[in-house]
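Engineer: Take a look at this one; I'll ask things after.
The values are calculated or read from the model by the stated rules, or taken from the named source; none is laboratory data. Computed from a predicted structure; not experimentally measured. So basically every Cβ, Gly included, is an ideal-geometry build from the backbone, and we count neighbours across all protein chains shown. With ligands, DNA and RNA removed, areas are computed over all heavy atoms of the protein, side chains included. Shrake-Rupley method; radii C 1.70, N 1.55, O 1.52, S 1.80 Å.
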Amino acid sequence: MDASLPPLKRIAAIHDLSGLGKCSLTVALPVISATGVECACIPTAVLSTHTGEFTGWTFRDLSEDLLPIARHWRREGARFDGIYSGYLASPEQAALLGQALDLLTDTETLVIVDPVMADNGSYYSKIDERMCNAFRGLIARADVITPNVTEAALLAGMAYEAELHDSAYLKALFDALGALGPGVVTITGVRPEPGVIGNVACDCRTGAMYSSMRPAHPGVFYGTGDVFASSLAALLVRGAPLPQALETATALTDDSICRSMLHDTPRRFGVDFEGVLPQYLRRVEKIFR
């Protein structure tokens, strides 16, 4: 082994753990690791399944464990190049996450917040505007945020547009979200024209905008936001330029959807990202070679 290799970058992924139905930590851990970044985990809650198209799921709030874990890591002298947060068990947990950021970040830590709370124009089960307000507070501390269009509209206090998203609508979203404090805003699930969907990023520090689009596939694909955000977070922590990170994360997401369609995988079980990780690894290697 080459002794000159630098140490791995490390991300703390602070998400729920849904045991069945690939999303949150069961996506973040393998995708971040495949990107060549160490992934440490703090579960915010444990669920038997995610809450989409499953019924009777179990839920355990792990708020009491969040700060003890963070304090232990700090005592151990662990340093984190990135903190990447997602689904939170409650609005009150957002305040705990803020305290964890105080414990685990330094001036070089990239903070990525995925404000997981809504999609297709409405909040997820048992989530309301209190969570939206809590995420606004966290976004003020974030370097990068990755809302979908619904979440972006809620956070911006704007109406959700269900059909197409023109440049004026996106600019208004980016302006409103950028005013909350993040350096980079990436909005997922953007539909600029019929039959096309993708992701658009704005570097709020420079005004530069980047997009990565693909043909739209019919229906809902659970876990795709986590696939995308996990890849984007890890690539940015490794030092990939924003346009390349956006394109590579979008490609992984679309490849995962296409493979799921080929396998006719039941949608609620999540997308088949596992089978497309080899080609993802090749894309990552091209960025960092």
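Engineer: Which aspartates and glutamates does Lys286 reach when only Cα atoms under 18 Å apart count, and residues fewer than 8 places away in its own chain are ignored?
Structural biologist: Partners within reach: Glu247, Asp255.
Engineer: Amide H of Asp16: which non-local residues (sequence gap of 5 or more, or other chain) have their own amide H closer than 5 Å, using H built in the peptide plane?
Structural biologist: Leu25, Thr44, Ala45, Tyr87
Engineer: Turning to a different aspect of this structure: Using the Cα gyration tensor of the range 1-154, with a ≥ b ≥ c the square roots of its eigenvalues, what is the shape: rounded (a/c below 1.5), prolate (a/b larger than b/c) or oblate (neither)?
Structural biologist: It comes out prolate by the Cα gyration axes.
Engineer: So what's the gap between the Cα centers of the range 3-58 and the range 138-210, to the nearest angstrom?
Structural biologist: If you average the Cα positions of each part, the centres end up 24 Å apart.
Engineer: While we're here: Can you show me the helix-derived [θ] at 222 nm for the chain, built from DSSP H runs with n ≥ 4 at -39,500 (n - 2.57) apiece and divided by the number of residues, rounded to the nearest 500.
Structural biologist: Theoretical 222 nm ellipticity from helices: -13000 deg cm²/dmol.
Engineer: If you take the square roots of the eigenvalues of the alpha-carbon gyration tensor of the range 2-45 and sort them as a ≥ b ≥ c, do you get rounded (a/c under 1.5), prolate (a/b over b/c) or oblate?
Structural biologist: Prolate, since a/c reaches 1.5 and a/b exceeds b/c.
Engineer: Using a 10 Å cut-off on Cβ atoms, rank the peptides 126-132, 42-48 from the highest mean neighbour count down.
Structural biologist: 42-48, 126-132
Engineer: Provide Ser167, Ser63, Ser231 ordered by accessible surface of protein heavy atoms (probe 1.4 Å), highest first.
Structural biologist: Descending accessible area places them as Ser167, Ser63, Ser231.
Engineer: Nearest-5 percent of antiparallel DSSP beta bridges in the range 97-242?
Structural biologist: Expressed as a percentage, antiparallel bridges in the range 97-242 total about 75.
Engineer: Using only the Cα atoms of the chain, build the gyration tensor, take square roots of its eigenvalues as a ≥ b ≥ c, and label the shape rounded, prolate or oblate: rounded if a/c is under 1.5, else prolate if a/b is larger than b/c, else oblate.
Structural biologist: It comes out rounded by the Cα gyration axes.
Engineer: While we're looking at this one, here's another question. Just the number: Rg to Rh for the range 143-284, Cα atoms, Kirkwood Rh, two decimals.
Structural biologist: 0.96
Engineer: Still on this structure, please answer the following. Assuming R0 = 35 Å, can you tell me the calculated FRET efficiency for the pair Asp61 and Glu274, based on Cβ-Cβ distance, to the nearest 0.05?
Structural biologist: Once rounded, the FRET efficiency stands at 0.75.
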